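Below is one structure, written out as structure tokens; comments come after it.
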Amino acid sequence: MNKTLLILGASGKIGFHSSQAFSQAGWTVKHFDRKTDCLNKVVQGVHVIVNGFNPPNYQNWKTIIPEITRKVIEAAKLCGATVILPGNVYHFGDQPGLWSEHTLPRPVSRKGEIRLAMEQAYAESGVQTIVLRAGNFIDPNRQGCIMSEIYLRNIASKKIITLGPIETRQAMCYLPDWARAAVLFSEMRQQLGLFEDIPFPGHTLCTADIKLGLEEVLETDLRYSQFPWWLFTLSAPFWEFARELNEMRYLWSTDHELCGVRFKALLPDYKQTDLKTVLNSALPVELQSNL
């Protein structure tokens, strides 16, 4: 099988871990440079595109995401490439439960509506698209992920920051695991449909689970600290990131997990990284244990 990959957003966390996973699997990996490259030229000879483009800090989603979507679809059509899309859970809204590819979308945020429209554009494009859907990413490089930058922001002071009720479960995903799965789905793409919505089951965790797991890793007691939503509410009128994060606050009060039935049917032998290793990787380097 032809194995040339183009990564969009190579400097981001999706791009970094995808580059590592595909390279280790023997793929030729090309990186797109927005400053110097023309997408429609660099895509020639490419068989799979990982779309890791995402506006930083939720900036200007309404304009940027449709523009990115249009350009990626156009480029994929030129070379006949399959697009791997990191899906999220925004379009499910605030309906608690087990979310799957069969769960009806019910976005309650602008970002949920934008992401739903983006996926619909791919579904109608005629480009083979694999939406590998995950919850909050856990990045061992601690690059812009909720776990390291919010939950564990004050871990040196033995505090776990909680964004909602401590027993409310959240879908979470260890990013190297996601990237390994992206490789496997790319290599079996000829067996898949034109549009695949595949939830990645990952780890389903509440804040209490995170606290308990880290107490085992660190061998010490931890305490909870409330996220300062009041500050983000006050600063929202003049701070874009605060305003956009406030819009997603409902997710931390919505108990949910991602269904793994479709994923396991396609990759029955896939093994994800154990939780202790995942949590340890999210810690600052000076606090990590030698597991």
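The values are calculated or read from the model by the stated rules, or taken from the named source; none is laboratory data. The shown structure was predicted, so the numbers you read here are calculated from the model rather than taken from an experiment. Here the Cβ positions follow ideal geometry from the backbone for every residue, glycine too, while neighbour counts run over all protein chains shown. Each accessible area value is taken on the protein alone, full model and side chains, heavy atoms only, with ligands, DNA and RNA left out. Shrake-Rupley method; radii C 1.70, N 1.55, O 1.52, S 1.80 Å.
If a residue has to be open to solvent by less than 50 Å² (accessible area, probe 1.4 Å), under 20 Å from ILE138 (Cβ atoms) and hydroxyl-bearing (Ser, Thr, Tyr) to count, how many in region 1-25 make the cut? Residues meeting the conditions: 2.
ALA265 meets each of the listed conditions (1) surrounded by fewer than 14 Cβ atoms within 10 Å (Cβ to Cβ); (2) modelled with pLDDT under 95 apart from (2). Residues that are open to solvent by 20 Å² or more (accessible area, probe 1.4 Å) number at least 2 in the following strands (runs of 3 or more DSSP E) confined to region 47-125: 97-99.
Screening the candidates LEU214, LEU184, LEU175 for the property of being within 16 Å of THR129 (Cα to Cα) and either charged (D, E, K, R) or at pLDDT 95 or above (or both) yields one hit, LEU184.
GLN44 satisfies every condition listed in (1) open to solvent by less than 50 Å² (accessible area, probe 1.4 Å); (2) modelled with pLDDT under 95; (3) not aromatic (Phe, Trp, Tyr) except (1).
Scan region 193-241 for residues that are in a helix (DSSP H, G or I) and surrounded by 17 or more Cβ atoms within 10 Å (Cβ to Cβ) and the total you get is 9.
The single condition among (1) over 29 Å from TRP99 (Cα atoms); (2) touching a Phe, Trp or Tyr at 6+ places or on another chain (Cβ under 9 Å); (3) free of Cβ contacts under 8 Å to residues at least 24 places away in the same chain that GLU240 does not satisfy is (3). GLY260: farther than 23 Å from ASN141 by Cα, within 17 Å of the chain's Cα centre (by Cα) and of a type in the set (Gly, Ala, Ser), yes or no? So GLY260 fits the description; yes. Could you say which residue among ILE160, ILE155 is buried (at least 16 other Cβ atoms within 10 Å of the Cβ), in contact with a Ser or Thr (Cβ under 7 Å, 6 or more places away or on another chain) and not aromatic (Phe, Trp, Tyr)? The conditions single out ILE160. From the list LEU283, LEU287, LEU279, LEU251, the one residue that fits, being in contact with a Gly (Cβ under 9 Å, 6 or more places away or on another chain) and either aromatic (Phe, Trp, Tyr) or over 24 Å from GLY97 (Cβ atoms) (or both), is LEU279. Of all residues in region 77-93, those that are closer than 15 Å to SER109 by Cβ have Cβ atoms under 8 Å from Cβ atoms of residues that are in a strand (DSSP E or B), 6 or more apart or on another chain, in ASN88/ARG133; VAL89/TRP99; VAL89/ARG133; VAL89/ALA171; VAL89/HIS256; VAL89/LEU258; PHE92/TRP99; PHE92/HIS256. Against the test of being surrounded by fewer than 18 Cβ atoms within 10 Å (Cβ to Cβ), closer than 30 Å to ASN51 by Cα and in contact with a strand residue (DSSP E or B) (Cβ under 6 Å, 6 or more places away or on another chain), the options THR277, THR273 yield a single qualifying residue, THR273.
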